[in-house]
Each structure stands twice: as C-alpha cells, then as structure tokens.
Amino acid sequence: MRAAAAALTLPPYEVHFMIVLRNFLQAFVLLLGMASAALAGPYEEALLKFTNDSYADTDAAIAAVAVSGNPLAVDVVEALRDGRLLVGLEHVFVRRTSGDLINAATGQTWGNPTGELKSVRVNNRVRRAIEAALGSLTLLSPDAARRLEAARAVFRSRDEAALPALEKAIAQEGHVPVRNALETARAAILLSKQDALHTQKLAAVETLRDRGDQEALALLSNLPSHAPLEVMSAAGKAAEGIRARLAFWQAFQNVWYGISLGSVLLLAAIGLAITFGTMGVINMAHGEMVMLGAYTTFMVQEVIRSYFPGLFGASLLIALPLAFLVAGSVGVLIERAVIRFLYGRPLETLLATWGISLILQQGVRTIFGPTNREVGTPAWMSGALDIGAMSLTYNRIAIVLFAFSVFAILLLVLRYTSLGLYVRAVTQNRRMAGSMGIRTSRIDALAFGLGSGVAGIAGVALSQIDNVSPNLGQSYIIDSFMVVVFGGVGNLWGTLVGAMTLGIANKMLEPHAGAVLGKIALLIAIIVFIQRRPRGLFALKGRAVEA
Amino acid sequence: MRTQSLFDRQTTVVLSLLAAAAILVPAMNGLALPGSALHLSDHLVPLLGKYVCFALLALSVDLIWGFCGILSLGHGAFFALGGYAMGMYLMRQIGARGVYSDPVLPDFMVFLNWKELPWFWYGFDWLPFAALMVLLVPGTLAFVFGWFAFRSRVTGVYFSIITQAMTFALMLAFFRNDMGLGGNNGLTDFKEILGFPVQAGSTRIALFVLSVLALAGGYLLCRWVVGSTFGKVLVAVRDAESRTRFLGYRVEHYKLAVFTLSAMLAGVAGALYVPQVGIINPSEFAPANSIEVVIWVAVGGRGTLAGAILGALLVNAGKTWFTAALPEFWLFALGGLFVFVTLFMPRGILGAANDLWERSSQKLRARRSPQPVTQAAE
C-alpha cells in the first residue's frame, strides 16, 4: 500500500493499476475486519483502516474516528499523534502513557500481544488531519481553556468535517469567549465550504465582521473563488469596515507607542535638563549615568537571586533608591573633581564630560564584560492589557506612569523645597543668586547630583525595555539632547513637551516613512526648528540669556 | 610683534618637517634595504598617510574652533562626504572587474538588483569631476547648514549639538541601502586610481606625498586666512561676538565663509584618506569620530594650527600603539586625555610650550633689564 503514496511519480497507467490494486486490497482487508469484529460499527470499521499502512487510509480513518462519537476517539487520535497507536494481528492498540496496552476497539486491557506490533506512521498531511480532528474532538471538553484552544484549531484548519461537532458545541456552550471563538470557527468553515447556503454564508460574514481582527480580515479578503456574488460583496464591505476599525485603533496604538517612547525620552532627558538648565553645561556623560542605573538594577537582581529569591518581585523597587544613590554620587564626584574647574567654558566641559563617559563605558565593560546583561522582569510587569484592538504591555504602562511620577516629583522638588528655590535662582541669574547669599557652587554640585540620580532612576526603567550593555547610554544621549534643545531649558515643562512631541512624532512618522527615514526627518525638523527658536520652545527670557 | 615672529618661525618649522616627511618616507621605504634600521615597511606607508589626512582634518577643525570659536561636533560628516565622493570615483574605476563583472554598475547595485546607475553617480568616472565634488558636496552642505544656523544666531553648545545631530542623521541615511551608496558595507574593493593599482607600493608612496602636499597647502591656506584682516575679524568674533556685531561687522557672513572653507578642507582630507585605507563606510559619520577630532586639536593646542597637526599625529600614533598593545585601556587613555587636557592643558602642548618659552625669555629679560632700569633711575 505504500505504493499509493509513491504513485505520484509513476506514469498514468501504472497509477491506475495501483489504484485498482489498492481498492481491491482495501475491500479485502475490510471484509477480513468485519469478519473478525462481531459488532462492526463505523468506529470499528474506521479503526481497521489504520492497519493498512497507507497515509491516505490513515487520513480517512482519522476523519471517520473523529465523527464517530466514540468515547475512545480522543485517545486514539492523541495516541496516533504521539506515535502510540500500534497495529498488528488485525487489531489496533493504544499504548497508554502508563505503558499499558488497550484494544482501541473495545477499550479493554490487552495482556501480552503475541507477534510484532508496529506504530502507525504519520506524515505532514496526516498531522494536519490529526490537528483538525483533535480540534473537533476536544470541542466538548469540560475544560474551557481546552475548548477555546480547540475552537482556534478548528478556525485555523477550517475542516468541514468538524462542522457537526461545532454546531453541537455551540448549542451547549455557556462560556461567552469560547462561544464567540466557536462561532467564528463555524463562520470560517461555512465561508470556505462550497455547498453552504447563501444565508449561512452571509451570517458567517456578519460574524466575522463582528470579530473584526486581522485574522477575520484575512479570511474575508481571501474568499474562495466559488463564493457567490452577493457573499463576495458583503464580505468586501465587511472587510472595508474591519480595515477602517483597525486603522482607527492603529492610530491610537501609534499614539500609545509615541507616549511610551516619549516617556523613555523624558526619563533620559529630564536629568540633563536640570544640569544644563542650572549650569549651562552639557553633560556628555549623562547617558552613562543611565547605564550605571541599569547596571545597579542588574546587581540588585543578582544579589536577590542568590540570597533572597522571594524578594524578586520587589527587585525594581529596591533598585530605585540604590540607582539614585549610585548615579547621584558619581555625578557629585564628577562635578567636584572636574566640572567645577571648568565654569564659564561650556565647550571644554562638553569635551571633559565626553572623556568621562568614555572612561565610565570602558570601566563597566572591563568589570561586567562587553555583552548584554540579563535583567529580569518581575511577574507583575509582564502581560498585556487589551483595549479594543490595542494591546498595552504592562511594562510599558509602568514606564509611562513612572516617568510621569518622576516628572511630578521633580516639579514639586523644584517648586517647594529650598533646594529647588536655590536651583531656580541659580538658573535664572547665577551672579545675582550668589550675591543674595546662595552658595552657588554647592547648588551646582547638588543639582548635578540630582540630575545624575534621576538619570540613574531612568536606567532602572530602561533596563526593562532595552539591552543592558556598556553602550546603553550612547543610544540615548543624542535623543536626550534633541529633547532638551527642542524643549528649551527654561523649565521642566519644556522637557515634557519636547519628549512627548518627539516621541509621538517619531511613532506617527514610522509607519509611513519607516523607522530610519522617520528619525532622519525628525532630526532635520529639529535642526530647522532651532533656526526659528534658537533656545527651544520654553526659553528663558531676559538679560540672563546672553550670559 | 613677538607672536608674529613666532608664527613665522612656526610656519618654517612646519613646512620643513612636512618636506622632510615627503622626502624621507619614500626614501626609507624605497631605497633603504629591508631589514636595516632605516627601512620603513610597506604597511606603515598608508598608516602614515592616514595620519596625515587626519592632521588635515584636525587643521580644518582648528580653523573654526581655534580662530572663530565654532565648535563643530560634526566635522567627520564633511570628511566622510569627501571620502564618499572619492570612493564613488574609485568604484567606477573598478569597471567590469567586480565580482559580478558588470561594466557599469558597482557590485552592490547588481546585488540589490538595480538596473541602472542612479543619476547622482553620473560623472564620477572622471577624476576632475569627482575632485570638484570632493570640494562642492561638503562645501554646499556646510554653506546651507551654516547659513541657517548662523543667520538665526545658533551659537555655543546649541550649535555643537545640532552639528552632532547632522552627522548622526547622515550616518542613519548612509546606512540605508536605498541611498545607493553601498549601505552599511560602504564603498570598497577599489582596484585602481588614474590607472595605477591602489594596492601597489608606488601608488601608496605617491598618495602619501600627495597627502603631505595637501596638508602643507592646507596649512599655508589657514595661515594666510588667519593672518589676514578677515582672520582678525574671526578672532574678534571668537572673543566677543556681540561686540564685533555692534562694531558693524556681519558676523554671520564671516562665520559662514570660514565654516564652508573648513568643510572643504575636511572633504579633501577624506578624499585622500579613502584610497589609502581602501574603504569608506557610514561609520565614518559616527558622532564619536567627530568628537575625537576635537580632542586632537585640544591636545596639540587650540588656535595654533601647527598644534592641530601635532595633536592629530600624536593621538593617532598613541591609538595605534594602544589598540595593539593594550586594547582594553585605549578608551581609558583617550577619556583620560580629554579630562587631563581640558583641566590642565587648556592651550594644548604648543600652548604650554609657548607659555614656557615666554616665561623663560621673560626671566632672561628680567635678569638682564634691572641694570638699564637702575641706570635710567640714576
């Protein structure tokens, strides 16, 4: 019988001969099977086809077993899938996972079979049939998750044979999501089924339109050619509706991505805005402060993994203050050791901090190695929230919320604490602030520490969405500059507006121009923008500006 | 007056050193026997040529930073654009000897299944045209960019940051295959220049001598510019931009002119660099490269011209040595150099040497002068 499979490559007359031979043998075996089984129902008949060692017969047998309604059917098909369905002695056996052998026809345990048993072979076509059959067989499973999975399997396979089982399942189904999935699967089958009624097909189109996702759209826009005209036009309209709906949600999704990117930029740039604002110096090592924060998170998680595995869920919360301290103290150190000697020479400060950034990068590379470090995500941050056709991952939501809280806290610190008052005074007019008794150099160090510490906190958040490597800071530094330059250094609101504008503009451009072109366009736009407003959106006004 | 005479002496020293290099390097490579202490091995010639090109690039940065106070963190972009113009000429010279043997299209275009040469490649099979583009492309970009920036008085760190954004945007653009300039592999596999094989020892010597001549020419040009009235205005802009403007000078015109000139010099440096290293790719646009150029200038001595050359040669020789001997420590050394120079040697090596010279000669005068003074008092 294996010849039947091989027949595809043979000349036509031989194929004909093979088919005759096959049919003959089939009838013969069937007769034999009937003779041996006293009560031969459709299930038992179908089982015997497994003994033929022919893919085509196995295929047919699976379909027949699946619709037979026999309680053993699931076991048989699963056994076939796992290579545990054995044939021999004109009987079919299922070897249980426990090792026992049972007779597939009766379910009785079979002692020691004499003679050799062979497992039924499967190929890809058979595997597809198995999946489809299991789909329809498990539609009635008591487990809702399993039923849902089965409904999806049927939706994918669109196996017409599953239709009766599907109808039955829909009639019994009480769980709404499963019922929806079942109905979608039925609609999918009806649409591709040649002899389904028009009304059925139109109802199916309706169902799919209500489902309204990418899969339904694919189904509706690729109807088989035999579909009647009115169904075609209904499907076309439905597809149009789904496209419009998806485009609508896509716009929201893009805005969300934009806000999410904007929050990341906000986190990275807000510390820079503080140091740039107060001292007028560009801290090129700012990105490395972000990197230090990310590596602090990594260290915290390593310690927790080895000593307090129960605390892993809180690892990020523990890392936050530590990252602030680590990056903040490195920042104060840099200010005291280097930057304070360079006041009034912003270009030299830029070069010196660039040098510091190289040293920090290489230092981290020497200690931790050049490869990416794995920072885990706590369980409460994984998963996603689905709204309509949008999917918002929890870690992105957490970062957006976190960025806004950091922004709010900084705003409050600058507004209501004495440190904030002094920082604002120094930002507006350094010499005047000095003559009022503010120790400007101490404020500089503190502001630098604050800005660096916030960068460290940003590193904790970025460790969740980016690779933690020595180059982490480099990838954010130019974007952060753009945000600060665009927003201006007058106040923090400029940074917020700058970050959100750039984030959303970037993500809105991306689908139309591609990621790289979109980014280039944005950079050019900023370069042009700065011609119009050389000091950003929210510039400081007054005589201090020209200082 | 004394500084003027020092400049003259400096010019003589620089030109004679360059002349010595142009004579000694070919002689040591070609005439001295292999194995003798004087012999310069073949692989060192393009390496030295590369340093000379970097020195020209540093010179162009010193011209605007040292004399006009414009800190460009995107000069690598002009260098790379000049390099690409030369690379396009060299690509066209490959002809049918590429892997795919297409007589017109470079290999990467055949690979991308392009059917005809994009319009911007026309003319690059002719060296004079390519040479013109080496000057015009960076020059035009600098002119347009500078016109916008200087007109609206973008200065200081803001200007530095947008030049950095410019080179970053160009890097992203050149990484795209659709640019028609080789994507991230860039242009490479060059065969010959003006009919001479690029890899041959004699061609390399010729390219080296040419680079030294270009450096000498660039040096003289910069010297002439900064010594002229125009140069005096530049220095005035550097030291007190607003005051110069109030005195009636159109500051933006001066800045634009010197910025464009500097970009063209950088383009020439890039054009000479490409045939000697044999490749040009988008990583030349990386912002970090442009910042490195600035440190060469700072090390040698900002605003001295000769210092830029010295700094470029020293830092690059150091880089070659470090990356071979202690690759781990190169970034430590470079970063430390940035910090050390800005903190302790704000005027660079030449500036420090100059100070030392001034101080010792002052002492000398002080030792000699008391007698005349006392005589006068008597």
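Numbers for the structure displayed
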quantity: Nearest 10 degrees, 0 to 90: helix A:144-157 Cα axis against chain A principal axis; calculated: 80
quantity: 5 angstrom amide H check on B:Ile70, placed H, neighbours 5+ away; calculated: B:Trp65
quantity: Rounded, prolate or oblate (a/c below 1.5 giving rounded, otherwise prolate when a/b exceeds b/c) for the range A:249-546 by Cα gyration tensor; calculated: oblate
quantity: Rounded to whole Hz, the Karplus (6.51, -1.76, 1.60) HN-Hα couplings of the range A:525-538, x for glycine and proline; calculated: 4, 5, 4, 5, 4, 5, 5, 6, 10, x, 10, x, 5, 10
quantity: Cα point-scatterer Debye curve for the range A:356-415, base-10 log of I(q)/I(0) at q = 0.18, 0.28 Å⁻¹; calculated: -0.87, -1.01
quantity: Dipole in debye (nearest 20) - the range A:127-227, about Cα centre, beta carbon charges: Lys, Arg +1; Asp, Glu -1; calculated: 140
quantity: Positive-end extreme of charge dipole, the range B:1-146 - chosen from B:Leu44, B:Gly123, B:Leu17 (charges on Cβ); calculated: B:Leu17
quantity: Positive dipole terminus of the range A:249-546, leading residue within A:Val303, A:Ala268, A:Met291 (C-beta point charges); calculated: A:Ala268
quantity: A:Ser329 paired with A:Ala218, simple spin-label distance in nm, labels 7 Å along Cα-to-beta-carbon; calculated: 5.4
quantity: Burial ranking of peptide ranges A:54-65, A:360-371 (average Cβ count within 10 Å, highest at the top); calculated: A:54-65, A:360-371
quantity: Over 22 Å between alpha carbons, listed pairs A:Lys168/A:Lys193; B:Lys50/B:Lys319; A:Lys201/A:Lys237; B:Lys191/B:Lys319; A:Lys519/B:Lys115; calculated: B:Lys191/B:Lys319; A:Lys519/B:Lys115
quantity: Rg followed by Dmax, in Å, when the range A:127-227 is reduced to its Cα trace; calculated: 12.6, 38
quantity: Reach of A:Lys49 by Cα under 17 Å, taken over lysines that are not fewer than 8 positions away in the same chain; calculated: A:Lys118
quantity: Built amide H within the under 5 Å cut-off of A:Thr393, gap 5+; calculated: A:Leu385
quantity: Listed residue (A:Ala433, A:Leu419, A:Pro378) projecting farthest to the positive dipole end of the range A:359-461, Cβ model; calculated: A:Ala433
quantity: Test item: Cα-centred dipole of chain A, Lys/Arg +1 and Asp/Glu -1 on Cβ, debye; calculated: 2520
quantity: Ellipticity estimate at 222 nm from DSSP helix runs (n ≥ 4, -39,500 (n - 2.57)) divided over chain A, nearest 500; calculated: -23000 deg cm²/dmol
quantity: Debye, to nearest 20: dipole size of the protein assembly as shown, +1 on Lys, Arg Cβ, -1 on Asp, Glu Cβ; calculated: 3860
quantity: The range A:129-220: relative contact order as a whole-number percent, Cα under 8 Å and 6+ apart; calculated: 23
quantity: Segment A:Lys118-A:Asp100, extension gain: residue separation times 0.36 nm, minus the distance between their alpha carbons; calculated: 4.9 nm
quantity: Percent of Cα-Cα distances greater than 31 Å, calculated over chain B; calculated: 41
quantity: Neighbour-count order for B:Tyr84, B:Tyr158, fewest beta carbons within 10 angstrom listed first; calculated: B:Tyr158, B:Tyr84
quantity: Stretchable slack from A:Ala379 to A:Arg243, in nm (0.36 nm times residue separation minus alpha-carbon distance); calculated: 45.5 nm
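Since every read-out is calculated from the coordinates, none of them should be taken as a lab result. All values derive from a computational prediction rather than experimental measurement. We place every Cβ from the backbone using ideal geometry, glycine too, and count neighbours over all the protein chains shown.
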